[in-house]
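Take a look at the structure set out below.
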Amino acid sequence: MRKAMSLLIVVGLLMGSFAVLPASASGLLTDPAYPVTGGTLNIQDGVVVGYGGSPTNVVIPDGVTEIGDDVFDSCGSLTSVVIPDSVTTIGAYSFSYCSSLTSVLIGNSVTIIGNGAFYGARITSIVIPNSVKIIDGAAFNSVALTSIIIPDSVTTIGGAAFAQSALTSIVIPDSVTTICESALGHCLALTSVVIGNGVTSIGESAFQGSNNLTSVVFISENAVFGDTVFGNTVKMLNGTGKFIGKSGSTFESYVNGLGLSASFVEYSPIVEVKWLRGEKSIYDFKDAGTDITGSLTFDAPENDVYTIYAKNAAGGESVEVIHVQNIDTIPPSVLLALANATAIEVAVQVTATDSESGIAWVKWQFGSKQSDDFDALGTDVIGGEFIARTNGIYTVCAEDNAGNRFLQTVNVTGIDKVVPVIIATWNKTWTNKAVKVNITVY
């Protein structure tokens with residue numbers, strides 16, 4: 001029996017050393033208490049349906065296919081979310097009113113960003129992957145985003161999708177066919193909009209109340225316009241703005257029928273786009289510059305000043321100087337020290353610093369670990385230290401806000417948890433007197 005018990009214990013320990021994620025009868029990931037930083041996730045049949053505790057930095061495990069409706073609604077503790085490639089749907093209001101949520105990484109399989117998904121969240125930047133087809137109504141309503149890139153996969157921008165956001169400009173690609181009502185309404189910082197050739201329908205009040213809008217480039221020729229698409233766009237009303245479109249297009253007819261003071265300028269196709277490093281003038285691009293073709297992107301290799309040049313078929317030229325300052329390739333530093341050692345525990349003091357993007361999180365695990373081991377596991381270091389209660393190697397991992405990681409290990413020794421052994425003997429013959437118990441302790 002003792003051997004059987006020992007075998008069961010060994011098997012249990014071996015199983016406990018691996019992160020085996022349970023599955024339901026359907027074969028989909030199910031775990032009612034999947035651990036994340038600060039709390040747990042309730043996962044049922046591959047869908048995140050709830051959470052426990054106060055989650056902060058959440059890495060959703062691979063195998064989840066959907067983030068359910070309202071899951072993190074009004075979760076004030078949530079600061080960052082990583083969504084894996086297995087997820088295809090971000091449900092309605094799943095991250096709405098997350099007042100501390102500033103960082104979101106979306107995997108490359110998401111096709112729908114649901115209605116109100118990030119409504120009122122404080123996200124300042126986000127990358128929408130090329131898999132997304134629908135940005136549903138109010139998905140990014142009232143967010144702190146100042147810029148966003150809509151990928152060529154998107155076909156529909158839902159009603160009030162970016163309304164009341166902090167966007168300053170937006171380019172809507174040729175893949176988009178429908179811009180729904182109030183999609184960019186009341187965006188007070190919005191100054192310029194470029195709408196691609198594929199748009200066939202723009203809903204009512206799409207830009208209403210975006211009072212600082214001064215430039216609208218509309219390339220499509222046969223779109224249908226709802227009522228008051230540009231209603232109350234003050235700078236279009238007072239003549240300081242301009243509409244740029246194709247001559248003879250429905251856009252020209254629509255603009256002329258509005259009776260606005262803004263001018264209509266005929267669109268001239270772009271024939272050349274290039275870039276150079278440093279602050280340059282138009283003249284510098286006469287015989288120099290790297291061509292930008294296709295999707296009109298280039299990779300800025302490091303923090304610096306870059307100049308972009310463009311020329312249209314009419315011979316018009318312009319340059320735009322940008323300052324890239326958000327590249328951080330330097331990992332954090334981590335210093336470990338042992339303090340307050342006793343026979344049963346020792347405090348491991350952790351000092352993590354990062355001079356560029358700043359520290360995102362610091363975690364620890366028992367044993368010698370690799371960076372990937374911290375993707376979904378690890379215990380937060382709180383207050384600059386954690387308590388070690390077992391001799392051995394401990395690994396600390398720090399990640400900065402650019403995703404760089406640094407690992408440091410410490411070997412804890414001197415913890416003595418050997419318990420006293422007590423041997424008691426006495427005469428076990430039946431008696432009606434007190435029994436003397438002899439004790440040996442070592």
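The values are calculated or read from the model by the stated rules, or taken from the named source; none is laboratory data. None of these values were measured; they are calculated from a predicted model. Heads up, the Cβs are rebuilt from the backbone with ideal geometry, glycines too, and the neighbour counts pull from every protein chain shown.
Numbers below:
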| item | result |
| --- | --- |
| Subset of the range 319-351 (residues that are without any contact (Cβ under 8 Å) to a residue 24 or more places away in the chain and surrounded by 12 or more Cβ atoms within 10 Å (Cβ to Cβ)) | ILE322 |
| Segments classed as strands (runs of 3 or more DSSP E), wholly inside the range 33-124, with at least 3 members that are over 18 Å from LEU145 (Cα atoms) and without any contact (Cβ under 8 Å) to a residue 40 or more places away in the chain | 39-44, 47-53 |
| All positions within the range 388-418 that are polar (S, T, N, Q), over 23 Å from the mean Cα position of the chain (by Cα) and crowded, with 17+ Cβ neighbours inside 10 Å | THR395, GLN408 |
| Strands (runs of 3 or more DSSP E) completely within the range 302-381 that count 1 or more residues being at pLDDT 90 or above and in contact with a Leu (Cβ under 6 Å, 6 or more places away or on another chain) | 304-312, 346-353 |
| Within the range 177-189, considering residues that are surrounded by fewer than 24 Cβ atoms within 10 Å (Cβ to Cβ) and among the aliphatic types (A, V, I, L, M), the one farthest from the chain's Cα centre (by Cα) | LEU188 |
| Wholly within the range 240-291, strands (runs of 3 or more DSSP E) carrying at least 1 residues that are more than 38 Å from the chain's Cα centre (by Cα) and on the phi < 0 side of the Ramachandran plot | 263-266 |
| Options GLU252, GLU272, GLU279: the member that is surrounded by fewer than 18 Cβ atoms within 10 Å (Cβ to Cβ), of a type in the set (D, E, K, R), in contact (Cβ under 8 Å) with a residue 12 or more places away in the chain and more than 24 Å from ILE150 (Cα to Cα) | GLU279 |
| Residues that are β-branched (Val, Ile, Thr), closer than 29 Å to VAL104 by Cα and touching a strand residue (DSSP E or B) at 6+ places or on another chain (Cβ under 7 Å), drawn from the range 378-406 | THR379, VAL381, THR395, VAL396 |
| Conditions (1) loosely packed, with under 13 Cβ neighbours inside 10 Å; (2) within 21 Å of SER210 (Cβ to Cβ); (3) in contact with a helix residue (DSSP H, G or I) (Cβ under 9 Å, 6 or more places away or on another chain); number of the one not met by GLY257 | (3) |
| Residue check for VAL71: in contact with an Asp or Glu (Cβ under 6 Å, 6 or more places away or on another chain) and either closer than 24 Å to ILE128 by Cβ or not assigned by TED's automatic domain parsing to the domain that holds LEU105 (or both) | no |
| Candidates ILE149, ILE112, ILE179, ILE90, filtered to the one that is farther than 25 Å from THR56 by Cα, modelled with pLDDT of 95 or more and in contact with a strand residue (DSSP E or B) (Cβ under 9 Å, 6 or more places away or on another chain) | ILE179 |
